[in-house]
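Student: Below is the structure I would like to discuss, written out as structure tokens.
No lab work stands behind these numbers, since they all come straight from the coordinates. Note that this is a predicted model, so its numbers are computed, not measured. Counting neighbours? That spans all protein chains shown, and the Cβs are built from the backbone with ideal geometry, glycine included.
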Amino acid sequence: MIDRSEAGVQRARENLDRADQDYQASKARSSQQQQYVNVNRAQVLKTRADIAQRSGDIARGQGKVDERDRNYNDAVANYINAIEELGDAYGRNGQNNPNNKIAGLLVARARAALANTYAAMGKTAESFTFYDRAEATYNQAITEDPAFANAYCGLASLHLIRGNQAEAAANYGKCVTYSAQALVSEVAVPDVTSMRRAAAIQTLAEAGLVPDIVTEGETVGSQVPAVPQQGNPPKIKIGAKVKLTLTISERE
């Protein structure tokens, strides 16, 4: 069961705040598994940022400038904090990435999401910087593990966001090929309606699904399979396509 109402979003934020407080309390105590606390807290921070980014996209579409800016700034702060937590978890190498494959994947996702947010804010230079950093981080993960399916899917989403169709298709193919769960496991379809193009692409890629853009534009107007406002989302095979019809927003 999912709840995307304003009240549901608020409850999610409150739950994340409580989880963050718990993890911070755990960090303050001596722990032999400190890195796991850091990684879990980073996940909380990224989820908090994802919610803020989507709220910013919705406010943008509604022409609510102050609310848009407040949410985007909140997303930026939480993505940056998530990246720092992941770096603290396992130490950093020369490229400032965690010395751990999974933590590195999470850093790449957070950097890509941060780039998406900067793009939505009109901060082009910062956006390009973090897209480049995300791409380098995905490539490093692939160098360490040439069969790392999630890294290929993330890299594919970056190429699609940046308009590199051939590279996107090639990497989506590797993502499905190397996924042990592809074609046998199903995942819930994320609701990406009202999201900006880049955020929607990344959200689907992180779920292991392939965005199929039917009509180009700025914001997702509709998707197939659709996700009901109330009730459980449909499930489809990992590697399946989700058709997106994008629209041009008349509001800024």
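Student: Compute the relative contact order of the range 133-252 as a whole-number percentage, counting only Cα pairs closer than 8 Å that sit 6 or more residues apart in sequence.
Tutor: After rounding, I find 24 percent.
Student: For the chain, take every pair of Cα atoms, bin their distances at 5 Å starting from 0, and report each bin as a whole percent.
Tutor: 1, 7, 13, 17, 20, 19, 14, 7, 3, 0, 0
Student: If you don't mind, there's one more thing I want to ask. Would you kindly state how much longer the chain becomes between Ala77 and Glu216 on full extension, computed as 0.36 nm times their sequence separation minus their alpha carbon distance, in nm to one decimal?
Tutor: Extra length available between Ala77 and Glu216 comes to 47.1 nm.
Student: Could you compute the net charge surrounding Val176? Neighbours are other residues with a C-beta less than 12 Å from the C-beta of Val176; K and R count +1, D and E count -1.
Tutor: Residues close to Val176 contribute a combined charge of +3.
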